[in-house]
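Asker: Structure below; questions to follow.
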Amino acid sequence: MQQDLTQGSITGKLVGMAGFIGIGLVFQTLYFIVDLYFVAGLGAAAIAGVGLAGNAFFLSLALAQMVGVGALSLIARSIGAKDFGAAEGVYRQAMILSLGLGAMTLVVGYLAAEPALSLIAADAETTAMGRAYLFGFLPALALSFPTNAMGSALRAAGVARPTMLLQSGTVVLNAVLAPVLIAGWGTGLPLGVFGAGLASSIAAGVGFLGMLFVFGRSQTLIAHPLKLPKPDWSVCRRIVGIGLPAAGEFLLMFVITAVVYGVIRQFGSEAQAGYGVGARVMQSIFLPAMAVSFAVAPVAGQNFGAGRADRVRRTVRDAAILSSGLMLVLTLLCQVWPHAMIAVFARDPAVIEVGAMFLRIASINFLATGLIFTASGTFQALGDTRPALWGSVSRLVTFAVPAIWLSGQPWARLEHIWWLSATSVAIHCLVALWFLRQQLRLKLAGMVPAAA
């Protein structure tokens, strides 16, 4: 059932929501980890191809965030202000947008997959592997849009447990299907990397149906999740207005990742495979801090809607402390055991070495990344995600452009790319914290104190 996040312990609310969100994120990420584990036996080109195709996840996530972030911000603030009719209206329009974007993802994905992959893949075999995986995986990406819209509405209402349970179940299903479809266990019909993508799509379909079943049973504000009214373009514009900068933020992540694959292609498919595995491991490591930041948005958002400036500030403070502590522990793990983490998903010594070197250097900025996540969640709660976008733009300037130049230098080595990336993350953190301070000062000014 939905929660009133304007009352009670801030830390308790954050930890409670982050716990369920974190478990859900773990299982969501395991989609890729499970695929990567079984694909590893097919060789470096298969690993690199799946890594390249998986980058499409960031592109679809950018579009999903455009709707999800805007809807969550508006719904949470409406709930905080006790305007439940407005909350339902926002959700309905978010679902219309989500279904449209899901259909567009299928059409564009199937038409543009091969030419897009050929631009950044190290060789034709890697391109073919990426194309096969993506063709199986595209339905999962399309279903993620309406599923994300329902999940955002539940999170805005303080509900995280049902989503976590569904994601857990779908990952178990994916893990069962992966060896059957990839290697042909029990069927004698191995589908290779296409089977990896198909397993995720089947599991995503089951997850979508499950979300439809639990949505009305987890909250009382919105009934019939697929009931669609006529489009209300004024509400849609408000959703997109808040969510578009967040979408731009994820789109820039997609661009930056594509730049990395492009500039390291000269080092061969082993380098691209090593980076692909290292990046996936790093994304998994980020999950605790991401869970905290995802909890910031509904907690701070409801309190912002209720005019509780003091609780908004305490939410940001407590979240920053929690995420920083988590990231310091994870940094230590990556400094001590990077090779062991990569070796779980790769057998080629060259791939393992590249991934371990990437992980060790990237982990230096885990603390900065945790603070960036906290700032991003706060911007969502306050209804202005443009500062998060500007932070990502700083990485485009401080990393992407120099990396392209660096790739053309005869003396350049892979570690130069990783150190450049680490430097750009540190600058991104400083930009995000500066904007966070400004936004809190401007948005919370003049609010009625909690004691009034």
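Asker: Per-residue ellipticity at 222 nm for the chain, helices alone: DSSP H runs ≥ 4 residues times -39500 (n - 2.57), over residue total, nearest 500 deg cm²/dmol? Please list the in-between numbers first.
Answerer: Values: 17 runs with 365 residues, N = 452.
The per-residue figure over the chain is -28000 deg cm²/dmol.
Asker: What is the pair-distance distribution P(r) of the stretch 358-414, computed from all Cα-Cα distances in 10 Å bins starting at 0, with each bin given as a whole percent?
Answerer: Percent of pairs per bin, in order: 19, 37, 30, 11, 2.
Asker: Same structure again: Expressed in nm to one decimal, what extension gain is obtained for the pair Ser9 and Ala81 from 0.36 nm per residue of sequence separation less their Cα-Cα distance?
Answerer: Details: separation 72, 0.36 × 72 = 25.92 nm, distance 1.92 nm.
Full extension of this stretch gives 24.0 nm more.
Asker: For the chain, take the longest principal axis of its alpha carbons; what is the angle in degrees between that and the long axis of helix 287-305, to the nearest 10 within 0 to 90?
Answerer: Helix 287-305 sits at roughly 20 degrees to that axis.
Asker: Something else now. With +1 on each Lys and Arg Cβ and -1 on each Asp and Glu Cβ, and nothing else charged, work out how big the dipole of the stretch 376-452 is about its Cα centre, in Debye to the nearest 20.
Answerer: Numbers: 6 positive and 2 negative charges, 34 e Å.
My answer is approximately 160 debye.
Asker: Calculate, in nm to one decimal, what Val344 and Thr220 gain on full extension: separation in residues at 0.36 nm each, minus their alpha carbon distance. Spell out each step's value before the answer.
Answerer: Numbers: separation 124, 0.36 × 124 = 44.64 nm, distance 4.37 nm.
Additional length available on full extension: 40.3 nm.
Asker: May I ask you to give the solvent-accessible area per residue for the chain, in square angstrom, as obtained with a 1.4 angstrom probe? Numbers along the way, then the final one.
Answerer: Working: 17650 Å² over 452 residues.
That works out to 39 Å² for each residue.
Asker: Also, I was wondering about something else. With labels modelled as points extended 7 Å from the Cα through the Cβ direction, what inter-label distance (nm, one decimal) is found for Val401 paired with Met447?
Answerer: Using points 7 Å along Cα→Cβ, the separation is 3.7 nm.
Asker: Of [x] 24.5; [y] 22.1; [z] 23.8, which one was derived for Kirkwood radius over Cα pairs in Å from the structure shown?
Answerer: [y]
Asker: Quickly work out the Ser284-to-Arg313 label distance, labels modelled 7 Å from Cα along the C-beta direction, and quote it in nm with one decimal.
Answerer: It works out to 4.1 nm between the two label points.
Asker: For the stretch 58-191, which semi-axes, largest first and in whole Å, follow from the square roots of 5 times the eigenvalues of its Cα gyration tensor? Please list the in-between numbers first.
Answerer: Details: eigenvalues 239, 78, 22 Å².
Result for the stretch 58-191: semi-axes of 35, 20, 10 Å.
Asker: Placing unit charges on C-beta atoms (Lys and Arg positive, Asp and Glu negative, everything else neutral), compute the dipole magnitude of the chain about its Cα centre in debye, rounded to 20.
Answerer: On the way: 27 positive and 16 negative charges, 285 e Å.
The calculation lands at about 1360 debye.
Asker: Could I ask something else about it? Contour minus end-to-end for Phe213 and Glu415, with contour as 0.36 nm per residue of separation and end-to-end as the Cα-Cα distance?
Answerer: Numbers: separation 202, 0.36 × 202 = 72.72 nm, distance 4.85 nm.
That works out to 67.9 nm of additional length.
Asker: Of Thr398, Ala103, Ala71, which is farthest on the positive side of the dipole of the chain, counting Cα position, with +1 on Lys and Arg Cβ, -1 on Asp and Glu Cβ, and the Cα centre as origin?
Answerer: Final value for the positive-end residue is Ala71.
Asker: Also, I was wondering about something else. For the chain, find the longest principal axis of its Cα atoms and tell me its angle to the long axis of helix 309-336, 0 to 90°, nearest 10.
Answerer: Between the helix axis and the principal axis of the chain, the angle is about 20 degrees.
Asker: Would you work out what percent of the accessible area of the chain, with all protein chains in place, is carbon or sulfur (probe 1.4 Å)?
Answerer: Numbers: 12400 of 17650 Å².
It is 70 percent, rounded to a whole number.
Asker: For the stretch 84-189, calculate the relative contact order in percent as a whole number, restricting contacts to Cα pairs under 8 Å that are 6 or more residues apart.
Answerer: Values: 49 pairs, mean separation 30.9, N = 106.
Computed over the stretch 84-189, the figure is 29 percent.
Asker: Work out the P(r) tail for the stretch 320-452: percent of alpha carbon pairs separated by more than 20 Å, whole number.
Answerer: On the way: 5030 of 8778 pairs.
Taking all Cα-Cα pairs of the stretch 320-452, the fraction more than 20 Å apart is 57 percent.
Asker: How far apart, in nm, are two points set 7 Å out from the Cα along the Cα-to-Cβ line at Leu189 and at Leu332?
Answerer: About 5.1 nm separates the two model spin labels.
The values are calculated or read from the model by the stated rules, or taken from the named source; none is laboratory data. Model, not experiment: these values are computed from the prediction. In this analysis, Cβ positions are derived from the backbone assuming ideal geometry, glycine residues included, and neighbour counts consider all displayed protein chains. Note: accessible area is taken over every heavy atom of the protein model, side chains too, but ligands, DNA and RNA are not part of it. Shrake-Rupley method; radii C 1.70, N 1.55, O 1.52, S 1.80 Å.
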